[in-house]
1. Is there a residue being touching a residue at least 60 places away in the same chain (Cβ under 8 Å) and within 16 Å of ligand 2 (Cβ to nearest atom) anywhere in the stretch 43-55?
2. Residues of the stretch 277-308 being in contact with a strand residue (DSSP E or B) (Cβ under 9 Å, 6 or more places away or on another chain), free of Cβ contacts under 8 Å to residues at least 60 places away in the same chain and in a loop (DSSP other than H, G, I, E, B), which ones?
3. For residue 89, only one of the following conditions fails: (1) touching a residue at least 40 places away in the same chain (Cβ under 8 Å); (2) within 10 Å of ligand 1 (Cβ to nearest atom). What is its number?
4. Find the residue count for the stretch 154-183, including only residues that are surrounded by fewer than 17 Cβ atoms within 10 Å (Cβ to Cβ) and within 12 Å of ligand 1 (Cβ to nearest atom).
5. Return the residues of the stretch 208-223 that are under 19 Å from residue 349 (Cα atoms) and within 14 Å of ligand 2 (Cβ to nearest atom); say none if nothing qualifies.
6. When the residues of the stretch 56-65 are narrowed to those that are surrounded by fewer than 24 Cβ atoms within 10 Å (Cβ to Cβ) and under 22 Å from the mean Cα position of the chain (by Cα), which ends up farthest from ligand 2 (Cβ to nearest atom)?
7. Taking the stretch 130-152, which residues are in contact (Cβ under 8 Å) with a residue 40 or more places away in the chain and within 16 Å of ligand 2 (Cβ to nearest atom)?
8. Could you please let me know if residue 205 is surrounded by 19 or more Cβ atoms within 10 Å (Cβ to Cβ), away from ligand 1 (no atom under 16 Å from the Cβ) and over 23 Å from the mean Cα position of the chain (by Cα)?
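What follows draws every value from the coordinates through simple rules; no lab data is involved. Note that the structure is a prediction, hence the values are computed from the model and not measured. Cβ: placed from backbone, ideal geometry, glycine included. Neighbour counts: every protein chain shown.
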Ligand code: NAD
Ligand code: MG
């Protein structure tokens, strides 16, 4: 049996510990002997954060929404837990860059995770990147920040992790040199819950239906993104930036069983794919232990007990958000940030304000069409694009609900 120890003792800051990726990460922390938690962070769920602090005894806990701060502080004291409570978004940057920290798991959802992800890159950490929106928004900026500061960027997103596993090993993490013999990469997509739903039913899709993913259990925003296939659009952009690839060398295929997590096509005709049961503990364990491997209790894949594996071309008419992602990857500049911001606002309105499912794609497309794409040479330019896109998306949504 392989050890449940990392090569070196490590201290982890887990940003977004109360979420789906956060909980899967903690499930592994329970199994790995020499991985210690430095900080756990949450937006609102103080009760869950308290339970995590009692179990994992981190040095710090960060609560971004301070309305439950007093309750949490008192509850920590009462339980005898020594964890120090920090409040507000600035504290995220602090725990992401603290000198004691070796690894940062960036698992906050959306643009809210951007600043702390950048802080971890700037501080040269081993950066386990789940927060795809941060990379979609800042692209080359985040990649060069990581490179210049000696950060090791490792992809948690299962598709990108699969590709990384199919590339030649490179001690510095993801690097362009790994692509010398690569023709193209293929991202697989489950197609979400509405892969075969009649199009005339799309207008009446509810948040509950959209969040019921057939294979993966995830947070609500990424679940809706999977239902619209915006998730694959964002992942398309993520892949271009992460691997330094032109959009022409990235493809998407539908694979409803989510067993083959992605593929790399080599120049000699070889195709390497990574397979595993659809469980995020697998890519998380890979990034925690990389370049080693560790033993985990993630479910083992039995191909003989598996339904037949299917593959098909994606239908861009059915899933216009995927097409928008591909267009934004082609345009580069501020286009990905505009699309991401519009989508975050539209998904929030679909989940909580009665916006139609179909309107998510319409709002995204209108924002992309109305706001010109600029070269994204600074964070300020990207943040301005993000702000403009959110404003316009909100205006467009107001007219529809
Ligand atoms: P989730 O909604 O379950 O959890 C999100 C976490 O972020 C929570 O801990 C929440 O408290 C925190 N958070 C939310 N808003 C915040 C804010 N404004 N400020 C500070 N913290 C905030 O989401 P998830 O499914 O765990 O996804 C997290 C990230 O990982 C996303 O970017 C998602 O795209 C990516 N991802 C998730 C999966 C998956 O299987 N869940 C797979 C691949 C990639
Ligand atoms: Mg994914």
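1. Keep residues of the stretch 43-55 that are touching a residue at least 60 places away in the same chain (Cβ under 8 Å), which gives 43.
Filter once more, so that each one left must be within 16 Å of ligand 2 (Cβ to nearest atom): none.
There is no residue in the stretch 43-55 that is touching a residue at least 60 places away in the same chain (Cβ under 8 Å) and within 16 Å of ligand 2 (Cβ to nearest atom).
2. Once the filter is applied, which keeps residues that are in contact with a strand residue (DSSP E or B) (Cβ under 9 Å, 6 or more places away or on another chain), free of Cβ contacts under 8 Å to residues at least 60 places away in the same chain and in a loop (DSSP other than H, G, I, E, B), the stretch 277-308 yields only 301.
3. Evaluating residue 89 over (1) touching a residue at least 40 places away in the same chain (Cβ under 8 Å); (2) within 10 Å of ligand 1 (Cβ to nearest atom) leaves (1) as the failure.
4. Pass one, the stretch 154-183, residues surrounded by fewer than 17 Cβ atoms within 10 Å (Cβ to Cβ): 168-172, 175-177, 180-181, 183.
Next cut, within 12 Å of ligand 1 (Cβ to nearest atom) only: none.
Summing the residues that are surrounded by fewer than 17 Cβ atoms within 10 Å (Cβ to Cβ) and within 12 Å of ligand 1 (Cβ to nearest atom) in the stretch 154-183 gives 0.
5. Of everything in the stretch 208-223, those that are under 19 Å from residue 349 (Cα atoms) and within 14 Å of ligand 2 (Cβ to nearest atom) turn out to be 218, 219, 221, 222, 223.
6. From the stretch 56-65, those surrounded by fewer than 24 Cβ atoms within 10 Å (Cβ to Cβ) are 56-57, 59-60, 64-65; that's our starting set.
Add one more test, that the residue is under 22 Å from the mean Cα position of the chain (by Cα), and what stays is 64-65.
Numbers: 64: 24, 65: 27 Å.
In this case the residue turns out to be 65.
7. Scanning the stretch 130-152 gives 130, 131, 132, 133, 135, 136.
8. Values: surrounded by 19 or more Cβ atoms within 10 Å (Cβ to Cβ): yes; away from ligand 1 (no atom under 16 Å from the Cβ): yes; over 23 Å from the mean Cα position of the chain (by Cα): yes.
Taking the combined requirement at face value, the residue satisfies it.
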